[in-house]
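Structure first, then comments.
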Amino acid sequence: QVQLVESGGGLVQAGGSLRLSCAASGRTFSSYGMGWFRQAPGKEREFVAAIRWNGIRLYGESVKGRFTISRDNVRNTVYLQMNSLKPEDTALYYCAASGAGDITTPRAYDDWGQGTQVTVSS
């Protein structure tokens, strides 16, 4: 089992940037995939980005070119750099671990953080 703690959310104006962090503990971090998902009120959980243990990155269509996922296997942390933020990016952002198979879907993940709120004002 992996314990995950997200941080870095907040309120930002449209066009601004935020960097989310997710600190992991409990297993060898470098051996598993990591993902970011988001959920807005009344909507389903949406895939944002994922990074496999070998560094391969995947992105949701709505964030391609604006968001970047990265991982630091020394600090056991995964990051989500979010640029050119839009009001539609407003959501609760979740970090997930142990992704295998289709890592663009929530069911691929065993462990989830509590989420960090991102609010983008127009």
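The values are calculated or read from the model by the stated rules, or taken from the named source; none is laboratory data. None of these values were measured; they are calculated from a predicted model. Quick reminder, even Gly has a Cβ in these numbers, built from the backbone with ideal geometry, and neighbours come from all protein chains shown. Ligands, DNA and RNA are stripped out before the accessible areas are found, and what is left, the full protein with its side chains, is counted by its heavy atoms. Shrake-Rupley method; radii C 1.70, N 1.55, O 1.52, S 1.80 Å.
Near G10, the amide H atoms lying under 5 Å from its own belong to V118, T119; only residues 5 or more places off or on other chains count, and H is placed 1.01 Å from N. 3J(HN,Hα) along the stretch 75-87, derived from phi through the Karplus expression 6.51 cos²θ - 1.76 cosθ + 1.60 where θ = phi - 60°, amounts to 8, 6, 9, 10, 10, 10, 8, 10, 10, 6, 5, 10, x Hz, with x in place of Gly and Pro.
Starting from the Cα gyration tensor of the stretch 1-45, take the square roots of the eigenvalues, sort them a ≥ b ≥ c, and report rounded, prolate or oblate (rounded when a/c is under 1.5, otherwise prolate if a/b is larger than b/c, else oblate).
Because a/c hits 1.5 or more and a/b exceeds b/c, the stretch 1-45 counts as prolate.
When you restrict to C-alpha pairs under 8 Å that are six or more residues apart and normalise by the size of the stretch 20-95, the relative contact order lands at 37 percent.
Each residue of the stretch 48-60 is assigned a 3J(HN,Hα), and the resulting list reads 10, 6, 8, 9, 6, 4, 8, x, 5, 10, 10, 9, x Hz, derived from the Karplus form 6.51 cos²θ - 1.76 cosθ + 1.60 (θ = phi - 60°), x at Gly and Pro. Against the criterion of solvent-accessible heavy-atom surface with a 1.4 angstrom probe, T90, T28, T77 sort, most first, into T28, T90, T77. Close amide H contacts of T90 (hydrogens built in the peptide plane, cut-off under 5 Å, sequence separation of 5 or more or a different chain): V120.
Averaged per residue, what accessible area in Å² does the stretch 10-95 show with a 1.4 Å probe, protein chains only?
50
Label-to-label distance, R66 versus S84, with points set 7 angstrom from Cα along the beta-carbon direction: 0.8 nm. Of D89, D110, D72, D102, the residue with the largest accessible area leads and the full order is D110, D102, D72, D89 (1.4 Å probe).
Residues in the stretch 30-36 carry Karplus couplings, in order, of 5, 9, 9, x, 9, x, 10 Hz; the curve used is 6.51 cos²θ - 1.76 cosθ + 1.60 with θ = phi - 60°, and Gly or Pro positions show x.
One way to sum up the overall shape of the chain is the equivalent ellipsoid from its Cα gyration tensor, whose semi-axes run 22, 14, 13 Å, largest first.
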